[in-house]
Amino acid sequence: MLPVRETLEHSENLATLCELQRDIVGFDSLIHPDRKFIRHGCLLKHSRKGYQQRMFFLFSDILLYTSRSQATLQFKVHGHMPLRGVLIEEPEGELAYNGLIIYGGNRALTVAANSVEEKERWRQDLQNAIQLARDKSDTKINYLSLKSCSSSDEHIDQQTNDASTQTRPQAQRSNMTVHVCWHRNTSISMRDELLAVENQLSGYLLRKFKSGNGWQKLWVVFTEFCLFFYKGCMDDFPLASLPLLGYTVGPPEPEDQIAKDFVFKLQYKNHIYFFRAESEYTYNRWIEVINSTTSHKSKRPLLTDTNEISLAPLTGI
């Protein structure tokens, strides 16, 4: 029998491949027993039109780069690179800090991440995956030809805007992690996925209203990088959800003027939410779990003295 950890990783990998297959158009053979998901997320790719947002999918044997259709919310493949023939290089000049050059076949992609940290995640995962792919003595995975699955950005953009290629919109999928990565310009890895499976949490929290001093009691479930809000623990359907990739979590700032204990603050750009836990233990637990599976870690300490914490107001969900 396989160890529990190995079984979990295998199951989560298969589930991720199946989920991504529904989101990716132009690469029909994504699901394969020898293929492992490593990372997906946004990078800016240089083309004749300048730098354009692209979604990259890194697997154990191949790198795909795509763009997102506004009509279908799916990702159209621009091209793919089998990792055995891929090289990466650090660029010079203004892209030296957050850029990479990816060579594969007859293509060279110049890409830029949104931060040095994000670039390092991609560089490390790419290097490791390339080395592992080269170390394999053989492979049973067959690829589409480069021509059948690659074309210029301009041609692909025209195709994705063509009404004849549009399928039924799938707006309900906009909260899936791959779409959140697209909107938040970030990425997640299989390591993040496995950590998210291990770090799930539910319980009652008080949510601060947008205006006024009122608090609303909600049953909150944290799973798959997202908070789901219910009126009560027996409800079948959530009132709302809040994807947390890219959010920071920690105690409120003094300027938030919160005069309650056990409050934590969630923030992404100008989106701010405040929640109040029932005790110091549950407060620390919520921060620990959310912090472990979101893109940006809070550098502020957890609550250690209830006299030092203030509570915070919450904007709408």
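Hey, among the residues in the stretch 244-295 that are part of a loop (DSSP other than H, G, I, E, B) and free of Cβ contacts under 8 Å to residues at least 12 places away in the same chain, which one's farthest from Ala196 (Cα to Cα)?
Start the filter on the stretch 244-295 by keeping residues that are part of a loop (DSSP other than H, G, I, E, B), which leaves 244-247, 251-253, 257-262, 269-270, 277-279, 293-295.
Now restrict to residues that are free of Cβ contacts under 8 Å to residues at least 12 places away in the same chain: 269-270.
Values: Lys269: 23, Asn270: 25 Å.
The extreme case among them is Asn270.
Quick one: Ile31 ticks every box in (1) in contact with a helix residue (DSSP H, G or I) (Cβ under 7 Å, 6 or more places away or on another chain); (2) crowded, with 16+ Cβ neighbours inside 10 Å except a single one, so which number is it?
(2)
Which strands (runs of 3 or more DSSP E) sit wholly inside the stretch 1-82 and have at least 3 residues that are of a type in the set (A, V, I, L, M)?
On the way: elements: 37-47, 50-59, 62-68, 75-82.
Per the criteria, 37-47, 62-68.
Restricting attention to the stretch 204-229, which residues are open to solvent by 50 Å² or more (accessible area, probe 1.4 Å), farther than 18 Å from Tyr283 by Cβ, under 25 Å from the mean Cα position of the chain (by Cα) and among the hydrophobic types (A, V, I, L, M, F, W, C)?
Phe228
Look through the stretch 230-243, keep the residues that are assigned to a loop (DSSP other than H, G, I, E, B) and of a type in the set (A, V, I, L, M), and return whichever of them is nearest to Ile287 (Cα to Cα).
Step one: filter the stretch 230-243 for residues assigned to a loop (DSSP other than H, G, I, E, B), giving 231-239.
Subset that is of a type in the set (A, V, I, L, M): 234, 239.
Numbers: Met234: 24, Leu239: 22 Å.
Top of the filtered list is Leu239.
Does Tyr65 count as out of contact with any Cys (no Cβ under 8 Å at 6 or more places or on another chain) and surrounded by 14 or more Cβ atoms within 10 Å (Cβ to Cβ)?
Numbers: out of contact with any Cys (no Cβ under 8 Å at 6 or more places or on another chain): yes; surrounded by 14 or more Cβ atoms within 10 Å (Cβ to Cβ): yes.
Considered against the rule, which asks whether it is out of contact with any Cys (no Cβ under 8 Å at 6 or more places or on another chain) and surrounded by 14 or more Cβ atoms within 10 Å (Cβ to Cβ), Tyr65 comes out as yes.
The values are calculated or read from the model by the stated rules, or taken from the named source; none is laboratory data. This is a predicted model, so every value here is computed, not measured. Because the Cβ atoms are built from the backbone with ideal geometry, glycine has one as well, and the counts that use them run over all protein chains shown. Areas reflect the complete protein model, heavy atoms only, side chains present, ligands, DNA and RNA absent. Shrake-Rupley method; radii C 1.70, N 1.55, O 1.52, S 1.80 Å.
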